[in-house]
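Everything below concerns the one structure shown next.
Values quoted throughout were computed directly from the atomic coordinates according to the rules given, and no laboratory measurement underlies them. This is a predicted model, so every value here is computed, not measured. Neighbour counts run over all protein chains shown; Cβ positions are idealised from the backbone, glycine included.
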Amino acid sequence: MTDERMSDDDTDAKADAAAAAVTDASPVDTEAPLRRRRRVWVLLAALLGVVALAALVYAAVQRGRDLLAERDARIAALAEGLNAAEAQIDRLQTRLSDQAVGIQRTAAEMARFAERLAAQDQAIGLLRDELGGGRARVQLAVVEQLLMLANDRLQVGREVAAALAALEAADARLAALKDPRLYPVREAIARERSALQAVDLPDEVGIALTLSGLIERAPRLPLATEAPVRFEPQPSAATSLPETASAATRAWAAVQRALSSLFSVRRAQGLPPRLVSEEQAALIRQILQTQLEGARLALLRRHTAVFRELCGSAARSLEAYFHAGDPAVASARAELLRLQGIQLEPPLPDISRSLVLLRSQLEAEATH
């Protein structure tokens with residue numbers, strides 16, 4: 001027990017001596033290890049930052065290399081595509097040049113074929129002329145006369161129906177000949193027939209009948225103002241007087257009735273109508289009939305300007321001198337205005353092309 005106590009006392013003394021030594025030590029000796037530790041940590045942090053920066057730089061450089069490699073690959077692919085496109089364009093140009101050469105050859109062959117066909121048609125025509133003993137020439141002469149007749153009837157007489165009939169007869173004779181050299185002539189005749197059929201011809205018979213009906217109705221159309229044969233006063237309403245009225249009142253009423261039968265007062269809109277006598281009325285109707293007769297004569301002579309002027313004059317006469325509210329007058333004026341717009345001489349087509357082609361063919365045959 002005594003030894004243990006002594007050991008404990010020694011231990012406590014050593015501890016007190018160490019504590020006292022620590023307490024008596026200077027502050028510089030305590031802060032030195034802390035500074036060394038801080039420097040170590042700073043160095044470690046800087047080292048880690050450098051490593052991280054180096055890693056980032058390495059990654060960026062590697063990414064740049066990858067992008068450059070991808071760009072080079074794309075450029076190489078585009079170059080290959082351009083090369084392939086250029087090769088394909090070269091092939092297409094070669095094909096086009098070959099096709100152009102082929103087209104030129106085909107066109108030349110077609111031209112030679114057309115020349116051969118024309119020569120064959122000419123030979124067939126000559127053979128037909130030799131075998132026919134000149135009958136084809138006679139038929140062509142008849143066709144020429146028919147075409148000349150069609151042109152004369154159309155240009156001189158403006159007879160569209162006669163010209164169309166002559167063209168149809170000429171085409172029938174050409175169809176019977178069956179000569180291929182005359183196909184252009186038949187084609188021209190077909191076009192000329194279509195042009196003649198498209199001409200808008202007026203119905204001259206219907207127009208003439210309409211004018212004849214207006215001429216017959218003109219004497220019966222009522223005038224706007226016509227003097228009566230004799231004066232017939234209008235009966236006035238009698239004023240009834242009471243039985244108890246005086247004699248003076250009855251006398252004054254009789255005087256009023258007499259005066260009212262002599263004078264009448266009415267309100268009129270505008271100027272009063274001017275009365276015409278029987279002679280003037282007959283003259284007005286005669287003028288209207290003359291205008292209608294002149295319009296019918298201009299129709300027969302196909303004078304469009306004169307026809308339109310006379311129809312307009314007759315319509316103005318109906319408006320100025322006849323009763324506008326009468327249905328017969330209104331109907332006659334409407335008919336005249338309709339006739340005024342009719343074209344008696346429509347433009348005619350040119351049908352001389354077929355005749356020119358036929359004469360050219362006849363001249364060509366005459367030179368062979």
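When the gyration tensor of the range 46-94 is built from Cα positions, what are the square roots of 5 times its three eigenvalues, in whole Å, from largest to smallest? Don't skip to the answer; put the middle values down first.
On the way: eigenvalues 439, 3, 3 Å².
Gyration-tensor ellipsoid for the range 46-94: 47, 4, 4 Å.
Could you order the peptides 330-338, 192-200, 74-82 from most to least packed, using the average number of other C-beta atoms within 10 Å per residue?
Working: 330-338: 16.8, 192-200: 14.1, 74-82: 10.0.
Result, highest mean Cβ count within 10 Å first: 330-338, 192-200, 74-82.
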For the range 136-218, what is the convex hull (Cα atoms) projected area averaged across all directions, in square nanometres? 6.6 nm²
Around Phe322, which amide H atoms from residues at least 5 apart in sequence, or from another chain, sit under 5 Å from its own amide H, with H modelled in the peptide plane? Ala224
